[in-house]
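Peer 1: The structure's right below; bear with me while I get my questions together.
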Amino acid sequence: MNSFPSDPQWQALGVLLDRVAERQRQDFGQISSSLKPDGSLITACDQWSDATLAEGLAAIYPGDGLLSEEGNTNVPLEARYWVVDPLDGTTNFSVGLPIWAISLARIEAGRPIAAVLDLPPQRQRFVAVRGQGVWRDGVKLHPPAAPRHGCSCASLCSRSIQVLRTVAAPFPAKPRMLGVASLNLLGVGLGTLVAALEATPKIWDLAAVWLMLEELGCPIEALAKAPFPLAPGSAQAEIGYPLLSAYNQEQLQRFLPWGQALLR
């Protein structure tokens, strides 16, 4: 399933991700979870995946730093570093819903320059390189032109769904919720969703998919503090970055009242 460019480091990264994705598929439905201090879930597979990715990235990209949900949560001081979510969608993974992702983004000058989203259950891999575009399993993607089949769906997260009760106007789409922030946002870039609203995504939830949306020409509105550029040394464990994305600027403005209601 290696859909990486021919660069040897990219190829090695693909092999590393294949290994982690296969282990996650084997562990799916076989392991229990526990609560982290912030109330979110973690499994032994999260921890194994994080440690394996950290070790592999250090070998493939010596000198790069690492910011990870399950490891160092402060922005590294190195010129280049990786932002990693080893298993985005742990709740789904824990309860037996086959929707989760592995998210990696390489950062330079505080902004993502390359990114990977691997979807182990679907055996799909998305790769983005700044200025070059986005690929799904080696096939280059084009910016979304319109919702598929004329269907208008938008994603909400579990915390943003409250806005449906706070705006007087009817919500302009059918709400959908995957339980995986990166994949909620990716749906905009794929044309399956007209918009996506996320209330409290952390930097490891959005770093990879942010670059993919930019490369696909999908506007992103930071509703509070903008995530990029990341400040070296800044602590990220408790910071959420509420945001709204849509497949074009017109749709972004259409959904903006619900994004603004989220902050209230």
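The values are calculated or read from the model by the stated rules, or taken from the named source; none is laboratory data. All values reported here derive from a predicted model rather than from experimental measurement. Ideal geometry is used to build each Cβ from the backbone, glycine not excepted, and the neighbour counts take in all protein chains shown.
Peer 1: Which residue, of Leu185, Leu164, is outside the structural domain of Glu70 (by TED's automatic domain parsing) and buried (at least 19 other Cβ atoms within 10 Å of the Cβ)?
Peer 2: Checking each option against the conditions leaves just Leu185.
Peer 1: Under the condition of being at pLDDT below 90 and either among the β-branched types (Val, Ile, Thr) or in a helix (DSSP H, G or I) (or both), which residue from region 131-164 is farthest from Gly259 (Cα to Cα)?
Peer 2: His149
Peer 1: Please find, within region 241-251, the residue that is nearest to Ala199 (Cα to Cα) out of those that are crowded, with 18+ Cβ neighbours inside 10 Å and not polar (S, T, N, Q).
Peer 2: Pro242
Peer 1: Of all residues in region 51-83 being charged (D, E, K, R) and modelled with pLDDT under 95, which is surrounded by the most Cβ atoms within 10 Å (Cβ to Cβ)?
Peer 2: Filtering region 51-83 for residues charged (D, E, K, R) gives 55, 64, 69-70, 78, 80.
Okay, now just the ones that are also modelled with pLDDT under 95, so 69-70.
Values: Glu69: 25, Glu70: 21.
If we take residues in region 51-83 being charged (D, E, K, R) and modelled with pLDDT under 95, then Glu69 is surrounded by the most Cβ atoms within 10 Å (Cβ to Cβ).
Peer 1: Test of understanding: among Gly138, Gly89, which residue is touching a strand residue (DSSP E or B) at 6+ places or on another chain (Cβ under 7 Å) and at positive phi?
Peer 2: Matching residue, one of Gly138, Gly89: Gly89.
Peer 1: Can you find a residue in region 75-83 that is in contact with a strand residue (DSSP E or B) (Cβ under 7 Å, 6 or more places away or on another chain), under 18 Å from Asp137 (Cβ atoms) and in the same structural domain as Leu16 (by TED's automatic domain parsing)?
Peer 2: no
Peer 1: Another question, then. Restricting attention to region 41-65, which residues are part of a strand (DSSP E or B) and either touching a Lys or Arg at 6+ places or on another chain (Cβ under 6 Å) or closer than 25 Å to Phe28 by Cβ (or both)?
Peer 2: Leu41, Ile42, Thr43, listed by residue number.
Peer 1: Tell me which residues, restricted to region 191-218, are at pLDDT 95 or above and under 21 Å from Val139 (Cβ atoms).
Peer 2: Scanning region 191-218 gives Ala208, Val209, Leu211, Met212, Leu213, Glu214, Glu215, Leu216, Gly217, Cys218.
Peer 1: What residue, among those in region 208-227 that are without any contact (Cβ under 8 Å) to a residue 24 or more places away in the chain and in a loop (DSSP other than H, G, I, E, B), is nearest to the chain's Cα centre (by Cα)?
Peer 2: Restricting to residues being without any contact (Cβ under 8 Å) to a residue 24 or more places away in the chain and in a loop (DSSP other than H, G, I, E, B), the top hit is Ala226.
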